[in-house]
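What follows is one structure encoded as structure tokens, with my remarks underneath.
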Amino acid sequence: MKYIVGVDIGATNLRIALATNKGELIHKTTIPTPRKGDELTIAETIRDLINKMIHDKGIEIEELKGIGIGSIGPLDIRKGKVINAPNIPIHSFELLRPLKDWFKIPIYVVNDCVAAVWGELIFGAGRSYQNIVYVTLSTGIGAGAIVNGNLLLGKDGNAHEVGHIVIDYESKLRCRCGGYGHWEAYASGANIQKFINYLLSKWSLTTQERNSELYKAYEERKVTTELLFSLGKRKDPLALRIIDELGRINACGIASVINVYDPELLTLGGSISLNNPNLVLNPILKYIDMYVINRKPLIKLTPLGHDVVLLGAIALVVSTPHTLVNIQA
């Protein structure tokens, strides 16, 4: 039997899985993504984790069919490296070259959301569709798109950086990439706290909202994304008002994605979406018709859950997209 390794490099966690050729996960490992080191640190960490995993399972390197990697970006897809990633301290790092040198098997490197949408096509909700978009709402915001069966990549592999769609050209909120008014500056996990501070500095609040737990946390400078959604589930009035506003912003961003890629199916993933499904999806569905011009696709959470990028990385090896073969063969 041939085995496949899938790698998910996130801003918070690095996840590696061993799978069969049918995408059946045999083993998974999760560690914090390295935050200190040089351009080879992350590749070295991946190498060591793979070696330990196959050793523990009694598998030889020759039994590996390939390694698929879904990583935060932006990418230089031809070199298979990450360039100036805004949400991780090691901003630029090598992947394809050193891993090929070490393992000498096929290796494919794409953006994590690009891997995810391919996984949706091969293993998930997109198996009966030819036009699919996957959007992640997590530490950052990103997307992957398949149009008429073709996985979109772009000249550098970054045809999907939707988190940097400008949703407010007059905004003073600055994205971690340095730009202003980006979707990610408002609604990503890394920036929601900043957006809450911005809203509460300019909103008029009711007495009930000023007496809310969220407002007390704001006064004590203890607001976090997790607290916002936790209080939203407990019907905190101020939390629900902010979550509704986030939903409207997410609807703007997702409508832009729909208007550009024209999908039949749009799936949502990422920790914010998957941990708070109703609080994220319902406001998007409430506002989306205000902004979309194309025929609205089916919008739902990914059924692949937190494994969507891992399964997408594995799918890159199971059924390698032709748009990627010519670049990283």
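Figures for the structure shown
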| read-out | value |
| --- | --- |
| Residue order, fewest to most beta carbons within 10 Å, for Trp183, Trp203, Trp118 | Trp203, Trp183, Trp118 |
| Where the Cα pairs of the stretch 142-224 fall when distances are cut into 5 Å bins, in % | 3, 13, 18, 17, 14, 13, 9, 5, 5, 3, 1 |
| Evaluated over the chain, the Cα radius of gyration and Dmax, each in Å | 20.0, 67 |
| Ranked Met290, Met53, criterion: other C-beta atoms within 10 Å, fewest first | Met290, Met53 |
| Relative counts (whole %) of C-alpha pair distances in the stretch 200-266, using bins that are 5 Å wide | 4, 16, 22, 20, 12, 9, 9, 6, 3 |
| Which of Cys113, Cys252 has the fewest Cβ neighbours within 10 Å, and the rest in rising order | Cys252, Cys113 |
| Top of Tyr134, Tyr218, Tyr186 by mean-square fluctuation, Gaussian network on the chain, Cα under 10 Å | Tyr218 |
| Sorted largest first, extent of the stretch 282-329 alpha carbons per principal axis (Å) | 43, 25, 13 |
| The stretch 127-302: relative contact order in percent, alpha carbon pairs under 8 Å with at least 6 residues between | 25 percent |
| Highest-fluctuation residue, Glu209, Glu219, Glu245 considered, GNM on the chain with Cα pairs under 10 Å | Glu219 |
| Length added when fully stretched, Lys222-Lys28, from 0.36 nm per residue minus Cα-Cα | 66.5 nm |
| Two-decimal Rg to Rh for the stretch 1-136 - Kirkwood Rh, Cα set | 0.95 |
| At q = 0.11, 0.16, 0.18, 0.21 Å⁻¹, base-10 log of I(q)/I(0) for the stretch 198-329 (Debye sum, equal scatterers on each alpha carbon) | -0.54, -0.91, -1.04, -1.21 |
| Per-residue HN-Hα couplings for the stretch 292-303 [Karplus 6.51, -1.76, 1.60; θ = phi - 60°; Hz; x = Gly/Pro] | 8, 10, 6, 4, 5, x, 5, 10, 7, 6, 5, x |
| Percent of alpha-carbon pairs separated by more than 25 Å within the stretch 127-302 | 33 percent |
| Per-pair calculated FRET efficiency, R0 = 30 Å: Ser92 and Ser128 via Cβ, rounded to 0.05 | 0.15 |
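No value in this document is a laboratory result; all are computed from the given coordinates. Everything numeric in this text was worked out from a predicted model, so none of it was measured. Here Cβ is always computed from backbone atoms with ideal geometry, including for glycine, and neighbour counts include all displayed protein chains.
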